[in-house]
Amino acid sequence: MNKEEEMKEVELNEMDQEKQPMTGESPTGTEKNGCVKVKVPEDTEVKFTGLSKEELMKVAGTAGWVRTRWILLVLFWLGWAGMLAGAVVIIVQAPRCKPIPEMNWWNEGPLYQISNVNEFSEKGLKGIDEKLDYLNQLKVKGLILGPIHTVQGDHASTLELTSINPEFGSESDLQTLLDRAHRKGMSIVLNLTPNYKGISAWFNNAALVAEQLKKACMYWLDKGVDGIFVSDLKDIANTEAWPSIQALFNQTEGPKKPALMGSVTNLSVDEASLLLNRTGVNLLLTGLPDPRKTGIKQANEIQKLYSNHIQTNLGWSLSGQSWGPLASRTPSVPVRLYHTLLFTLPGTPVFSAGDEVGLKKDENFEALWNLESQADGANATEKEEHLSVRDFFKALSDLKGKERALLHGEYVSIFSSPSSLAFLRLWDQSERFIVAINWGNESVTMTVSGDHDLPAEARVRVTTNAESLPMDSMVKIQKLELVPKQAVLLSYPFAG
């Protein structure tokens, strides 16, 4: 039945309804009342409109609802006050963060020495400029260049500390290098060791050139150089001019503090400590620890240096003009072990050009720049090894720059033996690190006592032997076993 027929039926039924008496009675003989059928379409919805505004206002004003609203309001503010009080208690009871010590640019990552500029690149200073992107990938924070000044070996009268030897480039080349390095976040330090071509670094008479050194420091600092480095520091430190040289670096104003650096050789740990106190240099390279000594001796020397000085003044270098490349040192130790040690000691690691890939004394830098190219036979194996060493260097350099425990954390010796040592690096509530090195020819098991609140296991972050200690694996540290010539860096979280 369609809608039109339905409506007609409704109308007819309504007409029958009109015939019904008003009294509701059904007298005999008359027509019966009809039934009215009304069909409502099925899709008709009944809407609930709720209470009107007037009805709501009438109900809201009753005593029950007023009392309910007050109870809910009081409960809300009590809950809010309770949460605020809880937050205050948590903040008060939480352990305070240890203040970050004062850090300077030379404490933020490794320094890179380029002693012979022309060996590093046949283009001299311009060649270094071209290699800045490469050095930036290594996370190098500063370059120690030269010496590059003019002098004839053992002839003090030819010394010109403010003139660049034309063999290396010009002052304009140096200025361009300074500008580009600064834009990349790297600093430039000049090595002003006077008689670098002769027998004695100071012509056997440091006082003779001390005043000239002071003028050169003023000159190059004014040109924007970030620091000055000198070798055989003990010789120049005994002259009358040294206090005034030192004052130049303390009085310099600006956002970036210039650094006064020096190196010494063949000094005991006590002598090096005394010299560091007396000279007041910002960074001292001592050649310690000495890998020719036992692990017990090295652990004692490191602990003594760390205890007597703030680590911002400690520099660690085991290569350079005095010691040669890391890969050529004796006794023969895999260069990765040196990398692990230098990057994880409290202070600044200083490497010589080529150390990052393990270049030896008889290898030239062409091997460094051609690492990515393909080669056949023995050369391919050698290049693969150099690349592997460089990747290892990069991994440690990246950790050094990111992890607070490695940047300025405490140093705690936990094990030493004739051929090995292990130590902790800790900083406040940050990740903890364990460094373990075995440069011996036999395996060693490091038994660590429970006095250091160590966990049962730690994660392998960097390893020189992934077969015995795979990367990212969890190892037990109470009795840590290292195979010969192995180093490993472990980490575990702060327990609270």
Check: Among Lys402, Lys394, Lys383, which is the only one that is within 16 Å of the chain's Cα centre (by Cα), basic (Lys, Arg) and more than 18 Å from Pro346 (Cα to Cα)?
Finding: Lys394
Next item on the list: Would you confirm whether any residue within the range 448-456 is modelled with pLDDT under 95, touching a strand residue (DSSP E or B) at 6+ places or on another chain (Cβ under 8 Å), buried (at least 16 other Cβ atoms within 10 Å of the Cβ) and among the aliphatic types (A, V, I, L, M)?
Entry: yes
Item checked: Test for Leu111: is it surrounded by 10 or more Cβ atoms within 10 Å (Cβ to Cβ) and under 30 Å from Asp355 (Cα atoms) -> yes
Notebook entry, point to check: Any chance the range 362-369 includes a residue that's in contact (Cβ under 8 Å) with a residue 12 or more places away in the chain, farther than 30 Å from Asn118 by Cβ and surrounded by fewer than 18 Cβ atoms within 10 Å (Cβ to Cβ)?
Noted result: no
Margin query: If the requirement is being in contact (Cβ under 8 Å) with a residue 12 or more places away in the chain and in contact with a Lys or Arg (Cβ under 6 Å, 6 or more places away or on another chain), which of these qualifies: Ile236, Ile245?
Written below: Ile245
Next item on the list: Can you give me the number of residues within the range 301-314 that are surrounded by 17 or more Cβ atoms within 10 Å (Cβ to Cβ), in contact (Cβ under 8 Å) with a residue 40 or more places away in the chain and out of contact with any Pro (no Cβ under 8 Å at 6 or more places or on another chain)?
Entry: 0
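Could you pull out every one of the strands (runs of 3 or more DSSP E) wholly within the range 414-495 that has 3 or more residues that are farther than 18 Å from Phe392 by Cβ?
Working: elements: 420-426, 432-438, 444-447, 457-463, 474-476, 479-482, 486-492.
Strands (runs of 3 or more DSSP E) meeting the threshold: 420-426, 444-447, 474-476, 479-482.
Run down Lys297, Lys304 and say which single residue is over 28 Å from the mean Cα position of the chain (by Cα) and part of a helix (DSSP H, G or I). If you could, list the steps in order and put the result at the bottom.
Values: Lys304 fails: over 28 Å from the mean Cα position of the chain (by Cα).
Matching residue, one of Lys297, Lys304: Lys297.
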Margin query: For the range 171-196: of the residues being touching a strand residue (DSSP E or B) at 6+ places or on another chain (Cβ under 6 Å) and not aliphatic (A, V, I, L, M), which is surrounded by the fewest Cβ atoms within 10 Å (Cβ to Cβ)?
Written below: Glu171
Note to self: What's the total number of residues in the range 223-245 that are more than 22 Å from Gln113 (Cα to Cα) and not in a loop (DSSP other than H, G, I, E, B)?
What the structure shows: 4
Margin query: Condition first: touching a residue at least 24 places away in the same chain (Cβ under 8 Å), of a type in the set (Gly, Ala, Ser) and either crowded, with 17+ Cβ neighbours inside 10 Å or farther than 22 Å from Ser322 by Cα (or both). Now tell me which residues in the range 119-169 satisfy that.
Written below: Ser121, Gly124, Gly142, Gly146, Ala156, Gly169
Checklist line | Yes/no for Val350 being hydrophobic (A, V, I, L, M, F, W, C), in contact (Cβ under 8 Å) with a residue 12 or more places away in the chain, surrounded by fewer than 20 Cβ atoms within 10 Å (Cβ to Cβ) and assigned to a strand (DSSP E or B) | finding: no
Margin query: I'd like the full set of residues that are surrounded by fewer than 23 Cβ atoms within 10 Å (Cβ to Cβ) and outside any helix (DSSP H, G or I), limited to the range 326-345.
Written below: Arg329, Thr330, Pro331, Ser332, Val333, Pro334
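The values are calculated or read from the model by the stated rules, or taken from the named source; none is laboratory data. Remember, it's a predicted structure, so these values are computed and weren't measured experimentally. Cβ atoms come from the backbone with ideal geometry, glycine included; neighbour counts cover every protein chain shown.
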